[in-house]
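Structure, as structure tokens:
The values are calculated or read from the model by the stated rules, or taken from the named source; none is laboratory data. Owing to the predicted nature of the structure, the values given are computational and were not obtained by experimental measurement. Cβ placement follows ideal geometry from the backbone for every residue including glycine, while neighbour counts extend to all protein chains displayed.
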């Protein structure tokens, strides 16, 4: 397995996700979205599995700060430029991906 977790250190759901994989001694790579966002290829692969609507965090501060509700915009381009618009955690295992804390799905990945 090649697990990647995209999230922030302050996010409770991301912390729970990290704990889940640590407790089961499953190696993972953590990417802090405050430092580095998803690449275009990573975003495309995750979007193909979960969809754009599941990725966009409409209740977050960044969404309101950028006035996204009033602007006609390309959502994918904005998510690449502003990774804090993404719902966290995003967990990726090859072509499989989830958004949020989903231990039932991760169990099947093993």
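Numbers at a glance
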item: Answer residue from the stretch 8-22, given it is in contact with a strand residue (DSSP E or B) (Cβ under 7 Å, 6 or more places away or on another chain) and outside any loop (DSSP other than H, G, I, E, B) and is farthest from residue 60 (Cα to Cα) among those; result: 21
item: Whichever residue in the stretch 71-110 is out of contact with any helix residue (DSSP H, G or I) (no Cβ under 9 Å at 6 or more places or on another chain) and assigned to a loop (DSSP other than H, G, I, E, B) and, among such residues, is surrounded by the most Cβ atoms within 10 Å (Cβ to Cβ); result: 73
item: Evaluation of residue 105 against (1) within 16 Å of residue 4 (Cα to Cα); (2) touching a strand residue (DSSP E or B) at 6+ places or on another chain (Cβ under 9 Å); (3) touching a residue at least 24 places away in the same chain (Cβ under 8 Å) (one fails), failing number; result: (3)
item: Condition broken by residue 51, with the remaining ones in (1) surrounded by fewer than 17 Cβ atoms within 10 Å (Cβ to Cβ); (2) under 24 Å from residue 9 (Cβ atoms); (3) under 13 Å from the mean Cα position of the chain (by Cα) satisfied; result: (2)
item: Search result, residues across the stretch 21-35 that are within 17 Å of residue 87 (Cβ to Cβ) and touching a residue at least 40 places away in the same chain (Cβ under 8 Å); result: 33, 34
item: Answer residue from the stretch 23-37, given it is part of a loop (DSSP other than H, G, I, E, B) and modelled with pLDDT of 90 or more and is surrounded by the most Cβ atoms within 10 Å (Cβ to Cβ) among those; result: 33
item: The stretch 8-17, residues that are surrounded by 15 or more Cβ atoms within 10 Å (Cβ to Cβ) and either closer than 18 Å to residue 95 by Cα or without any contact (Cβ under 8 Å) to a residue 60 or more places away in the chain (or both); result: 15
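Results for (1) under 18 Å from residue 4 (Cα atoms); (2) in a strand (DSSP E or B); (3) in contact with a helix residue (DSSP H, G or I) (Cβ under 8 Å, 6 or more places away or on another chain); (4) free of Cβ contacts under 8 Å to residues at least 12 places away in the same chain, shown as yes or no for each residue.
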| position | (1), (2), (3), (4) |
| --- | --- |
| 41 | yes, no, no, yes |
| 46 | yes, no, yes, no |
| 54 | yes, no, no, no |
| 63 | no, no, yes, no |
| 69 | no, no, yes, yes |
